[in-house]
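Only one structure is covered here, and it is reproduced in the block below.
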Amino acid sequence: MPEFALDLNDDQKAVREWVHGFAADVIRPAAAEWDEREETPWPIIQEAAKIGLYSLDFYAQQFFDPTGLGIPMAMEELFWGDAGIALSIVGTGLAAVGVLANGTEEQVGTWIPQMYGDADDVKVAAFCSSEPDAGSDVAAMRTRAVYDEAKDEWVLNGTKTWATNGGIANVHVVVAVVDPELGSKGHASFIVPPDTPGLAQGQKFKKHGIRASHTAEVVLDDVRVPGSCLLGGKEKLDERLARARERAKTGGQRVKNAAMATFEASRPAVGAQAVGIARAAYEVALEYAKTRVQFGRPIIDNQGVAFQLADMRTRVDAARLLVWRASWMAAAGKPFDSAEGSMSKLFAGETAKSVTAQAMQILGGNGYTREYPVERMHRDAAIYTIFEGTSEIQRLVIARTVSGVPIR
Ligand SMILES: Cc1cc2nc3c(=O)[nH]c(=O)nc-3n(C[C@H](O)[C@H](O)[C@H](O)COP(=O)(O)OP(=O)(O)OC[C@H]3O[C@@H](n4cnc5c(N)ncnc54)[C@H](O)[C@@H]3O)c2cc1C
């Protein structure tokens with residue numbers, strides 16, 4: 001098991017510099033344009049693919065970094081560049097992780113390459129779980145998957161919402177109900193292959209921030225997928241459902257929810273994205289405070305401004321430490337006994353929101369305009385207390401975990 005260390009090794013430093021270079025030279029200069037266009041920045045994704053930054057290989061390498069710091073480091077640098085563009089680059093990863101976590105080796109080998117495409121023909125993927133009536137309350141999901149035994153096909157019907165890359169993805173991963181009696185234990189994940197009839201994009205949302213990232217409804221109308229598209233396979237599903245039914249009947253002890261454990265392990269990566277946005281805004285504010293002169297001296301000469309910057313930097317570093325702790329725990333296979341994954345996402349998300357707001361304040365009128373990047377960073381940061389579990393849901397998870405009380 002790797003020791004927890006804050007010293008990055010030479011390989012990690014090299015990767016960080018490489019990702020930072022792409023974020024500084026390619027992503028940051030394009031940020032304002034794609035924010036205004038509110039479109040997926042395909043040319044930038046392609047640039048990332050050309051250098052191997054948009055690829056399964058890159059994410060797998062970082063994922064298997066034994067210290068656990070590969071992914072949070074890469075995320076922080078990309079999102080330091082720009083959150084909307086970075087989300088377009090890493091959004092496919094959410095669907096890929098869904099397949100890696102639940103799929104067979106064959107499914108991983110077949111579908112993940114199709115999620116990324118290649119540098120000449122880049123593709124994206126979407127992970128579709130949320131529904132209009134099932135956001136925080138995942139168990140309220142209604143999209144149904146029914147098995148047609150005669151044809152060995154699954155038939156999917158329902159409406160998904162808020163799907164990052166929904167409708168423009170080559171491959172969609174869709175979570176659906178296979179046994180409504182079992183609540184979230186009766187869910188399964190399916191691959192919807194490219195160009196499958198019946199899957200259509202619904203409304204594309206016009207958003208407050210991360211506007212370069214495509215978010216849309218996905219409508220599933222009698223979508224038929226082969227039996228082989230059930231992630232993990234039918235045998236494993238049947239066994240899992242039988243165990244869940246048995247437990248429901250006997251009121252047996254709940255085994256630790258595997259989905260919850262996966263969320264705990266993936267939340268630090270989302271926290272790292274928020275750290276990247278917060279750090280970016282802090283840096284802009286620091287530079288501005290040193291150069292903007294009022295009353296004959298730089299505004300940083302005022303404690304009122306300097307102390308804000310001190311607090312901002314402290315919060316950014318504290319958020320990164322929580323993210324790194326949880327990432328290391330996930331890599332080391334340590335149990336999240338105090339919901340450390342949720343803690344990192346909660347604190348980093350709230351930090352991004354508050355630090356970007358303070359940055360706008362320090363830039364005064366300029367901070368409020370699109371001439372400077374901090375208003376965009378503030379708009380982007382706001383999603384980090386909402387998606388991948390709202391701040392309230394993180395607090396619920398932490399409170400339940402540390403108290404053992406089933407707080408509602
Ligand atoms: C830009 C964007 C991208 C997204 N990408 C994806 C994606 O790729 N795939 C996907 O499946 N989903 C995605 N989502 C969905 C996202 O995960 C949900 O929006 C989120 O889980 C919250 O669900 P909701 O919007 O329905 O809010 P609700 O669940 O309706 O919550 C509304 C408010 O009530 C609070 N609340 C709810 N329950 C409780 C409770 N028990 N205690 C205290 N407070 C509570 C919430 O914290 C929130 O403040 C995305 C969303 C957005 C906006």
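Using only the Cα atoms of region 255-349, what are the Rg and Dmax in Å?
That works out to 17.7, 66 Å for Rg and Dmax.
Got the relative contact order for the chain handy, in percent, Cα pairs under 8 Å and 6 or more residues apart?
Values: 748 pairs, mean separation 67.0, N = 408.
About 16 percent, as a whole number.
Counting only C-alpha contacts under 8 Å and six or more residues apart, can you give the relative contact order of region 59-122 as a whole percent? Intermediate values should be presented prior to the final figure.
Numbers: 23 pairs, mean separation 11.6, N = 64.
18 percent.
Enumerate the helices in the chain for which the Kyte-Doolittle hydropathy averages -0.5 or more and the C-alpha atoms extend at least 27 Å along the helix's axis, using complete DSSP H runs. Intermediate values should be presented prior to the final figure.
Working: long enough: 83-102 (28 Å, 1.77); 258-291 (51 Å, 0.39); 303-332 (42 Å, 0.31); 340-362 (32 Å, 0.00).
Both cut-offs are met by 83-102, 258-291, 303-332, 340-362.
Rank these by accessible area, largest first, 1.4 Å probe: K50, K123.
Details: K50 130, K123 60 Å².
Of K50, K123, the descending order of accessible area is K50, K123.
Using just the helices of the chain, give the 222 nm mean residue ellipticity in deg cm²/dmol: DSSP H runs with n ≥ 4 each add -39,500 (n - 2.57), and the total is spread over all residues, rounded to 500. Mind dumping the intermediate values first?
On the way: 14 runs with 213 residues, N = 408.
Calculated from helices alone, the mean residue ellipticity at 222 nm is -17000 deg cm²/dmol.
Within region 1-33, report the GluC sites (Glu not before Pro) that DSSP leaves as loop and that have at most 11 other Cβ atoms within 10 Å.
Values: sites: E3, E17, E33; in loops: E3.
Passing both the DSSP loop test and the Cβ count: E3.
Using the Cα centre of region 259-354 as origin and beta-carbon charges of +1 (Lys, Arg) and -1 (Asp, Glu), tell me which of L346, N302, A269 is placed farthest towards the positive end of the dipole.
Positive-most Cα among the choices belongs to N302.
Explain nothing, just the number: relative contact order of region 245-374, from Cα pairs under 8 Å at least 6 residues apart, as a whole percent.
On the way: 139 pairs, mean separation 46.8, N = 130.
The normalised contact order for region 245-374 reaches 36 percent.
Rounded to the nearest 20 debye, what is the charge dipole size of region 277-408 about its Cα centre when +1 sits on each Lys and Arg Cβ and -1 on each Asp and Glu Cβ? Don't skip to the answer; put the middle values down first.
Numbers: 17 positive and 13 negative charges, 21 e Å.
Dipole size: approximately 100 debye.
Among G227, G341, G81, which one shows the highest mean-square fluctuation when the chain is modelled as a Gaussian network with alpha-carbon springs under 10 Å?
Looking only at G227, G341, G81, the biggest GNM fluctuation is shown by G227.
Among rounded, prolate and oblate, which fits region 1-145 when a ≥ b ≥ c are the square roots of the eigenvalues of its C-alpha gyration tensor, a/c under 1.5 means rounded, and a/b larger than b/c means prolate? Don't jump to the answer; show the numbers that get you there.
Working: a/c = 1.57, a/b = 1.19, b/c = 1.32.
Oblate is the answer for region 1-145, as a/c is 1.5 or above yet b/c matches or exceeds a/b.
Peptides 95-105, 197-207, 4-14: what's the order by average Cβ count within 10 Å, highest mean first?
Values: 95-105: 19.9, 197-207: 14.3, 4-14: 11.3.
So the order, starting with the most tightly packed, is 95-105, 197-207, 4-14.
Among 314-324, 180-190, how do they line up by average Cβ neighbours within 10 Å per residue, starting with the highest?
On the way: 314-324: 20.9, 180-190: 17.9.
Answer by packing, highest mean first, reads 314-324, 180-190.
Dividing the convex hull volume of the alpha carbon atoms of the chain by its residue count, what do you get in Å³ per residue?
Details: hull volume 60.6 nm³, N = 408.
Taking only Cα atoms, the chain has a hull volume of 149 Å³ per residue.
The values are calculated or read from the model by the stated rules, or taken from the named source; none is laboratory data. Note that the coordinates shown come from a computational prediction; the quantities given were computed from them, not determined experimentally. So basically every Cβ, Gly included, is an ideal-geometry build from the backbone, and we count neighbours across all protein chains shown. To get the accessible areas, we keep the full protein, side chains included, count just its heavy atoms, and leave off ligands, DNA and RNA. Shrake-Rupley method; radii C 1.70, N 1.55, O 1.52, S 1.80 Å.
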